[in-house]
Each structure stands twice: as C-alpha cells, then as structure tokens.
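J.: Here's a structure for you.
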Amino acid sequence: MSEIGLGIIGGGQLGSMLAAAAKKIKIKTVIFSDDNDAPAQNFCDEFIYATYNNKEKIIEFANKVDFITFEFENIPYETLKQMNELKPVLPKPSVNRIIQHRLAEKDFINNLNIRTTRYVAVEKQSDFELLIDFLPGMLKTTTLGYDGKGQHLIKSVDELNSLNLDFSRGYILEKLVKLKKEISIIITRFSKNNYEIYEPIENIHEDQILKYSKIPAEISNKIFNQSKEWAITIAEELKYIGTMCVEFFIDRNENLYVNEVAPRVHNSGHLTINAYNVSQFENHIRAVCGLDKIPIKKLSNAKMINLIGSQILPYRKEIKLDKNQFLFDYLKKEVKQKRKMGHLTTLV
Ligand code: ADP
Ligand code: MG
C-alpha cells in the first residue's frame, strides 16, 4: 500500500469504479456515503456511513485521507466547504457550486461564448405566457436532477399550468433541440494547460437515461474539433482538477451545443476502462492525488450498453461473455426499474 489515502464522497457505481481504479495503483480509499447499502463498500478499503451534515463523521473521514473527491455533484456545498478546510477537496467546491445549478452552469458556459440551448428561469405561475418562445421545451429542476429525473417535455402553456409546480424549488425551461446526435467529451485536467482528453463518445439515450455509448463517434471533423476545444476551454476556465465530462447536443443543422457539464467521472466514459491504457477513473485519481500524468492511448474501438433494471439478471445467470466483452455488475442490493445496475463493454 502506498501512503496516499483518497476520500470519496458517494457510494454508487462511480464510487465503486473509482475505488477499483485506486486499488490498481495502490491508493487507499475511504468512502463516505449516506446510504448504508452503498454498493461501493464492496470496492473500497474503508466505508463511513453518515449523513452529509454529520460534522463528527466529516472530521473522522478527513483525518483518514490526504485528498477528497466526489462521485456525484449534488453534495451540499457546506459539506464540501467543511471538508475542504480539513483536506483538499478536488475539484474545488466552487466548481461544484456553479455546476450543480443548471442556471448558473448555463450562464457560465454562455459567458465563454459557447453555445447552449436557449433557456429561461421559471419562477412563478404568472410568467407562463412569456415562455411561449421556449416551447416545445424541457422543464427541469435547477438542482438535484439526474438520469432525466425532475424533467418534463412541455409542448404548451396549458401543459405547464397543469403541472402544479412546487415553486419552493427552482425550474429552468430549455428549448427542445431537434437532436441529430449526442456526444460527450471526457477530459482530465492536471494543471494549467496540462490535461488528457479522450476522443468524442457518441451516446444514445432512452427515456432521458444513457443507454449506449461508442467510440469512434460518427461525427464531422468540425464537430470533433469544436467539441474538444470547448471542453478544454471549460476545464481551463474552471481551473478544474480531475476528470470531468461535457455532454453535447448536435442538431439537424450540424450545430453543436453544450448540454451540461458533469464535474466528475461519467457514465459515457466507462468504456475507457477497457478501450484505453488509462481509464477516466485512474486519470481522475492521478490528477486529484497529484500523481504523474501518463499519456493516454486508445487500445481499441468500443461500445458500451447500460444494463438498466432487470436487464442485469440474464447476465448474472445464463449469458456467457465473449473474450472481447467485459461485464460490470454494480452489485446494487435491489433491482429497480430505471436504475443503472451494470454495464457491458465490447471492444470492437
Ligand atoms: P440529466 O442531468 O438527467 O442527465 P440532461 O439535461 O442531460 O439531464 O437531460 C437528459 C437527456 O434528455 C439528454 O441527454 C437528452 O437526450 C434529453 N434532453 C434534455 N434536454 C434536452 C433539450 N433541451 N433538447 C433535447 N433533448 C434534451
Ligand atoms: Mg445529462
């Protein structure tokens, strides 16, 4: 075991894969989660179960590690700030504060002259008539959404009215983009102008949940270059440390938009575990713990399928894998509809 200990907040599949990657490079991991059944406890060295505002447990956690990172963005800012006073939290809590709020995130991106969907804050009932320009649109909660949770496709003002929105929460309405394709870029930034960037990944969503990813993405050279450039600009501007993902839309006129930024490792990057010499997870750990940057090299083209809900079950029993296939079972206790249970990567 090396001397370095890494704390990871959150105990889902991303935490599991981070912990597994850390083990490979002999870094000790301590996971802090508010879920007693968190699957990542199967992969880490130590597990702390507590709510994210438990000060004593936060201190205990910080004392055990040298660096702290997180696997999901919806951690209370106060928690990150408290931890950051004890041990460096990377990426910085201020990055997370921007990105966990869809309006702040889009304002930030537009200020860099990078295109996003058109959007407007939805604040109270009386605003609805003014929103017609943004229809059809996707209504989203400004915070705490993932895998399409908290989203509604809205075609008319009537539909908005009938939703009976709870305005103790914030909402954003985004004009619907006529999608030709979705892609993402995974980038790991180590320091100023010092990063590794993976090639664009093509993604297909079903019911707003990622279903398939593949490399290479079938896109023009222009989109290939522009998506990478924008991801680099965003990472540099945030002075980001670690792995992050930028999700993009491509519309039917070949316009590129940033959909959202994930300040963490990302589902579309799972294929990097098998398709590259260094995965998004290992790269994240290397950047956060101040280790050397290893130049990335693609080993193979690849495609990944998410196994959602009961789709995992036949893989646990009868399905035999080919030599070029890699199954990841997240070992979640309960099989639930719409829940990501595992994924299968095939090298092609
Ligand atoms: P989440 O945080 O849940 O990932 P996203 O904003 O990325 O939310 O939306 C999930 C998916 O829903 C997108 O990848 C896309 O397929 C679809 N979607 C969301 N917003 C729009 C939009 N404005 N136009 C077209 N499709 C959208
Ligand atoms: Mg998304």
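J.: Tell me, please, whether a residue that is within 30 Å of GLU3 (Cβ to Cβ), hydrophobic (A, V, I, L, M, F, W, C), part of a loop (DSSP other than H, G, I, E, B) and within 16 Å of ligand 2 (Cβ to nearest atom) can be found in segment 70-91.
T.: yes
J.: Could I ask something else about it? Taking the condition more than 11 Å from ligand 1 (Cβ to nearest atom), part of a strand (DSSP E or B), of a type in the set (Lys, Arg) and out of contact with any Gly (no Cβ under 6 Å at 6 or more places or on another chain), does ARG189 pass?
T.: yes
J.: Out of (1) touching a residue at least 12 places away in the same chain (Cβ under 8 Å); (2) acidic (Asp, Glu); (3) out of contact with any strand residue (DSSP E or B) (no Cβ under 6 Å at 6 or more places or on another chain), what's the single condition that is false for GLU159?
T.: (1) is the only condition that GLU159 fails.
J.: Check off (1) within 16 Å of ligand 1 (Cβ to nearest atom); (2) more than 24 Å from ASN306 (Cβ to Cβ) for ASN225 and give me the number that stays unchecked.
T.: Result: ASN225 fails condition (1) only.
J.: On to the next question. Need the failing condition index for GLN13 against (1) in contact with a Ser or Thr (Cβ under 9 Å, 6 or more places away or on another chain); (2) buried (at least 17 other Cβ atoms within 10 Å of the Cβ), just the number.
T.: Exception for GLN13: condition (1).
J.: Only one of (1) in a strand (DSSP E or B); (2) aliphatic (A, V, I, L, M); (3) closer than 16 Å to ASN283 by Cβ fails for ILE48. Which number is that?
T.: (3)
J.: Residue check: is GLU199 surrounded by fewer than 12 Cβ atoms within 10 Å (Cβ to Cβ), assigned to a loop (DSSP other than H, G, I, E, B), at pLDDT 95 or above and not aliphatic (A, V, I, L, M)?
T.: No.
J.: Does THR233 satisfy the condition of being more than 15 Å from ligand 2 (Cβ to nearest atom) and under 13 Å from the mean Cα position of the chain (by Cα)?
T.: The answer is no for THR233.
The values are calculated or read from the model by the stated rules, or taken from the named source; none is laboratory data. As the structure is a prediction and not an experimental result, all values here were calculated from the model. Virtual Cβ from ideal backbone geometry, glycine too; neighbours counted across all protein chains shown.
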